[in-house]
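Single-structure report; data block below.
A short reminder: the numbers here are calculations on the coordinates, not readings from a lab. Predicted model only: the values in this text are computed from it and were never measured. Neighbour counts run over all protein chains shown; Cβ positions are idealised from the backbone, glycine included.
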Amino acid sequence: MKPKHVVWACVPVLGFFAAPFLPFVNGPHLWFGLPSVLVWAVLWTVGTTVALYAVERSADHADHADHADDADDAEHADDADPKTATRAEEAAR
């Protein structure tokens with residue numbers, strides 16, 4: 001994981017942990033008719049989802065591409081070797 005991914009993943013966590021120390025969040029306030037802490041938590045929950053999506057989309061998945069090719073080869077291996085097909089049939093019994 002690259003350092004920029006760690007930063008993106010840590011931002012929502014810091015937002016959650018900052019709530020008790022922020023007077024505009026941790027007080028008798030209503031935002032949109034709901035307690036401010038509840039709205040703050042919901043916003044950071046959505047923010048966490050967005051941050052994790054951004055990290056996932058920007059991550060390098062080159063190692064997974066190799067495994068996908070192996071799976072395709074395994075599916076077609078039964079067609080090429082009749083011995084493998086009979087072993088698979090015996091194992092299924």
Residue by residue through segment 5-19, what is 3J(HN,Hα) from phi via Karplus (6.51 cos²θ - 1.76 cosθ + 1.60, θ = phi - 60°)? Round to whole Hz and write x for glycine and proline. 5, 5, 4, 4, 6, 7, 4, x, 5, 5, x, 5, 6, 7, 3
Segment 2-27 scanned against label point 7 Å out from ARG57 along Cα→C-beta; backbone N under 16 Å for 5, 8-9
Would you grab the residues whose amide H sits under 5 Å from the one on TRP31? Only those 5+ places off in sequence or on another chain, please, with H modelled 1.01 Å from N. SER36
